[in-house]
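Peer 1: Sharing a structure here in structure tokens format.
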Amino acid sequence: MAVLEIRDLHVSVETDQGTKPILRGVDLTINKGETHAIMGPNGSGKSTLAYTIAGHPKYTVDSGSITLDGEDVLAMTVDERARAGLFLAMQYPVEIPGVTVTNFLRTAKTAIDGEAPAIRSWIKDVKSSMKDLRMDAAFAERNVNEGFSGGEKKRHEILQLELLKPTFAVLDETDSGLDVDALKIVSEGVNRAKENTHLGVLLITHYTRILRYIRPDFVHVFVNGRIAEQGGPELADRLENEGYDRFLTDEATV
Ligand SMILES: Nc1ncnc2c1ncn2[C@@H]1O[C@H](COP(=O)(O)OP(=O)(O)OP(=O)(O)O)[C@@H](O)[C@H]1O
Ligand SMILES: [Mg+2]
């Protein structure tokens, strides 16, 4: 049973004004097959947590740990993390000029599996995943994310998720900017990955709408760099009705 464990994680970033602490003691345990939703105000550190798990060099871990089945994730390079089964769908996917979607996916798959995928079944898998995500076949020959609309970029993230088959996926606002149909299509992609590979999911979102399609087992409220409260799916509905005032007032009085 694979488990991703985050313990008392403190992370800061270097800015022009000096070192800025962002994460202030995050504790989170995600078992394979579980879906955890993280909701919280803008600037509370949700993306910082996502980037820290993936190994973005901009973020300095001051203390605490991240382990995957007891292995020290923080000691791993970005590549090693991906090979160990970690995946990040970014809030703002980056363009990769000069690299086509086809080449990118095949290179990533080869790097993660340690061997090139068998060509015939690979092409079949790519085609069928693109079809499931209602991505036009022409995307395969376009450069990664170049000129993609917001929603197309998000679909491309889920295409990677389906093909690379990670153990744990962090989805950072994958629902932002999606139209109603695309939200359903993307959610179905995540649910397929959950069914097929028993994926563990950390889903960062501002909206309860996606949580109707991708049912979370746990909902965490993220405020001021740490988890302020956790509960079941009902907590998401409460947040939608009440907002974050309750937590922000608490923080101010600490
Ligand atoms: N490279 C950086 N330089 C300066 N400040 C940074 C940097 N990266 C993050 N921050 C700051 O850290 C805080 C947390 O940012 P983060 O992107 O993690 O928030 P978030 O919870 O994902 O917000 P949102 O809901 O708007 O996506 C913000 O105040 C942000 O300005
Ligand atoms: Mg963010």
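The values are calculated or read from the model by the stated rules, or taken from the named source; none is laboratory data. Keep in mind that what you see is a predicted model, and the values were worked out from it rather than measured. Here Cβ is always computed from backbone atoms with ideal geometry, including for glycine, and neighbour counts include all displayed protein chains. Heads up: the accessible areas ignore ligands, DNA and RNA and are worked out on the full protein's heavy atoms, side chains in. Shrake-Rupley method; radii C 1.70, N 1.55, O 1.52, S 1.80 Å.
Peer 1: Treating only the Cα positions of the stretch 75-212 as identical point scatterers, give the base-10 log of I(q)/I(0) from the Debye formula at each q in 0.09, 0.15 Å⁻¹.
Peer 2: -0.24, -0.71
Peer 1: If amide H atoms are built 1.01 Å from N in the plane of the peptide, which residues on other chains or at least 5 residues away come under 5 Å of the amide H of residue 170?
Peer 2: Hits under the 5 Å cutoff: 87, 88, 89, 202.
Peer 1: Another one. Mean-square fluctuation check for the chain, GNM, Cα pairs under 10 Å: which of 172, 125, 16 is largest?
Peer 2: In the Gaussian network model the winner is 16.
Peer 1: I want to check the label-to-label distance for residue 5 and residue 118. Put each point 7 Å from Cα in the C-beta direction and report it in nm to one decimal.
Peer 2: In this crude spin-label approximation the distance works out to 3.8 nm.
Peer 1: Moving on to the next point. How far is helix 233-242 tilted off the main Cα axis of the chain, in degrees rounded to 10, range 0 to 90?
Peer 2: The two axes meet at around 60 degrees.
Peer 1: Using the heavy atoms of the protein chains alone and a 1.4 angstrom probe, what is the accessible area of the stretch 3-252 per residue in square angstrom?
Peer 2: Values: 11830 Å² over 250 residues.
With the other protein chains kept in place, the stretch 3-252 gives 47 Å² per residue.
Peer 1: OK, next. Average the reciprocal distances over every distinct pair of alpha-carbons in the stretch 19-153, invert the result, and give the Kirkwood radius in Å. It would help to have the intermediate numbers written out before the result.
Peer 2: Working: mean 1/r = 0.0575 Å⁻¹.
It works out to 17.4 Å.
Peer 1: Then there's this: Please check: in the Gaussian network model of the chain (C-alpha springs, under 10 Å), which one of 38, 227, 123 has the largest mean-square fluctuation.
Peer 2: Among 38, 227, 123, the largest mean-square fluctuation in the Gaussian network model of the chain belongs to 123.
Peer 1: Work out how much length residue 238 to residue 213 would gain on full extension: take 0.36 nm times their residue separation and subtract the Cα-Cα distance, in nm to one decimal. Walk me through the numbers before you get to the answer.
Peer 2: On the way: separation 25, 0.36 × 25 = 9.00 nm, distance 1.76 nm.
Answer, rounded to one decimal: 7.2 nm.
Peer 1: Near the amide H of residue 44, under 5 Å away, which other amide H atoms are found, from residues 5 or more places off or on another chain, if H is placed in the peptide plane?
Peer 2: Correct list: empty.
Peer 1: On to the next question. What does the net charge come to around residue 234 if you take all other residues with beta carbon closer than 14 Å to its beta carbon, with K and R at +1 and D and E at -1?
Peer 2: Details: positive: 212, 215, 238; negative: 217, 229, 237, 240, 242.
It works out to a net charge of -2.
Peer 1: Apply the Karplus curve 6.51 cos²θ - 1.76 cosθ + 1.60, θ = phi - 60°, to the phi angles in the stretch 135-152 and return the couplings in whole Hz, x for Gly and Pro.
Peer 2: Going residue by residue, I get 9, 4, 4, 4, 4, 4, 9, 8, 6, 3, 6, 6, x, 5, 6, x, x, 5 Hz, with x marking Gly and Pro.
Peer 1: Roughly how many whole Å is it from the C-alpha centroid of the stretch 91-108 to that of the stretch 154-172?
Peer 2: The two parts, judged by their Cα centres, are 13 Å apart.
Peer 1: Moving on. Where the Cα atoms of the stretch 3-252 are projected onto their three principal axes, how long is each span, largest first, in whole Å?
Peer 2: Its Cα atoms span 57, 39, 35 Å along the three principal axes.
Peer 1: Roughly what angle does helix 119-132 make with the longest principal axis of the chain, taking Cα atoms, 0 to 90 degrees, to the nearest 10?
Peer 2: Long axis of 119-132 versus the principal axis of the chain: about 60 degrees.
Peer 1: Ignoring ligands, DNA and RNA, please state the percent of accessible area on the chain from carbon and sulfur, probe 1.4 Å.
Peer 2: Working: 6050 of 12270 Å².
For the chain, the apolar C and S fraction of the accessible surface comes to 49 percent.
Peer 1: For the stretch 1-97, which trypsin sites (Lys or Arg not before Pro) are in a loop by DSSP, counting at most 10 other Cβ atoms within 10 Å? Working shown, then result.
Peer 2: On the way: sites: 7, 24, 32, 46, 58, 81, 83; in loops: 32, 58.
In loop regions of the stretch 1-97 (DSSP not H, G, I, E or B), the sparsely surrounded trypsin sites (Lys or Arg not before Pro) are 58.
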